[in-house]
Every structure is written in structure tokens, then in C-alpha cells.
Amino acid sequence: MNCCILMGSPRKNGNTQALTAPFAGELERLGIGCSTLWLYDLELKPCLGCRACQRDWAQFGCVQRDDMQKVFDSVLACQLLVLATPVYSWYCTPPMKAVLDRLVYGMNKYYGEEKGPSLWEGKKVALITTCGYPPEKGADLLNEGLRRYCKHSRLSYLGMLAERHMGYGSVFMDREKERHAVEFARRAAAALY
Ligand SMILES: Cc1cc2nc3c(=O)[nH]c(=O)nc-3n(C[C@H](O)[C@H](O)[C@H](O)COP(=O)(O)O)c2cc1C
């Protein structure tokens, strides 16, 4: 079993990473290996909507030459996909959005002459997010967007862990958030077996 974490925060020591660390630590403790791709470190172009990927039902098939093939391969090889992102303007950060767009076409071969397969059908997906508003007002749209994204893609959405950042003058991480992250990891791990 392995978990692929797509980290969409630009801040290496930021809140989203601080919340994801105990989650990943607990998965590792349970024997589930975790690897993290820092999306801001990669070259990830936006989807062009050209539909070249729809001609090839066996692989990614994107014509753009950047680091997205690496992301695609890691996602395809994992059992648990974790999308970790701060909320930016009520959704995810730009590289995470680029990845979501390129995967929804590259993985789902629904958009060509004939309807093809979802290459990632049944994969488990979880969201870890942090936001300035209370989560029900800051992360609700992202949660709903990903719920629909997963349904459309025939993925199994495990839901979100969302925690509030009270402002740049305050310390984000505390014992309660750490406990939430560990509990979320246990729920995600249980869903894999
Ligand atoms: C450009 C920008 C846009 C943001 N937009 C929102 C938003 O729409 N809703 C919200 O609740 N918080 C918003 N925030 C607050 C961040 O989600 C919050 O500070 C988060 O914890 C930052 O995570 P990080 O430390 O991993 O970067 C925004 C922050 C930035 C920098």
C-alpha cells in the first residue's frame, strides 16, 4: 500500500504542510509508505483542452512536455491519493488546479469520439486543507468540488480534513489539530483494507 501526497502549498513550512506531517507520520506507522510531490517545485502547465489525450486509452497521452507525466505516474501507482492545499480564493492553489484539470482529462477517457474508461477508477482520494475562514465557510466549496470531481471520475472520496488558520500572528499547529490529522489518517488507512 502506498500513498501519494500532492502538496499544493507554496510554503514549505506552512500550515498545510504542518497539518499533513502528522497525517503522513501515522500512515507510515501503519505500514503505508508516503511520497510527497511539491507542486510548486515542478513545471506544470495548464490544460489546453486540445483533447489529444483522448486518442490514447492506455496512457496519459498529453502532448505537453513538462513534469505532469511524473505526477500522472505517481497518482496511477498509488492506492491513496492525498490532495493537500491551502484554500486560495475559495478553491485550491494554481498548480493544484492545473493538476486536477490535466488528470480529469488524462485519466478519464470520456471526451473523445467514443466514451472510454476511467484509468483511476476506484482509487481512494482524501483532501487535507487549511483556510482563514472557519472550514464550513472557507473550505466548503473545495470539498464539494472535489466530491463531484471524484464522482465524475469514479474515484472514492474519503472527505476532507480542514483546519482554520487564525492569522499570521498566531501559531497554527496545536495538539487538537495533530489529533485530528492522526484520526483522519486512521480512517483513510481503514478505507484501504
Ligand atoms: C492568496 C491567498 C488567498 C486566500 N484565499 C482564502 C480563501 O478564499 N478563503 C479562506 O478561508 N482562506 C484563504 N486564504 C488563507 C489561507 O488559506 C490560509 O492562510 C492557509 O492556512 C495558508 O496555508 P499555507 O501556510 O500552507 O500556505 C488565502 C491565502 C492566500 C495567501
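Nothing in this text is a laboratory measurement; each read-out follows from the coordinates by a stated rule. Please read these numbers as outputs of a predicted model, since none were measured by experiment. Note that each Cβ is placed from the backbone with ideal geometry, even for glycine, and that neighbours are counted across all protein chains shown.
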Original post:
Tell me, in nm to one decimal, what length is gained between Ser35 and His152 on full extension, where the rule is 0.36 nm per residue of separation less the Cα-Cα distance?
Top reply: 39.5 nm
**OP:** List the extent of the Cα atoms of the chain along each of their three principal axes, largest first, rounded to whole Å.
**Re:** 52, 35, 28
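How big is the stretch 1-105 by the Kirkwood estimate over distinct Cα pairs, in Å? Kindly include the intermediate steps, with their values, before the conclusion.
Values: mean 1/r = 0.0688 Å⁻¹.
Here the Kirkwood hydrodynamic radius works out to 14.5 Å.
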**OP:** Return the distance in nm (one decimal) between the two label points of a simple spin-label model at Glu121 and Ala58, each offset 7 Å from Cα along Cα→Cβ.
**Re:** 1.9
Original post:
Normalised by the number of residues in the chain, what is the relative contact order in percent for Cα pairs under 8 Å and 6+ residues apart?
Top reply: 26
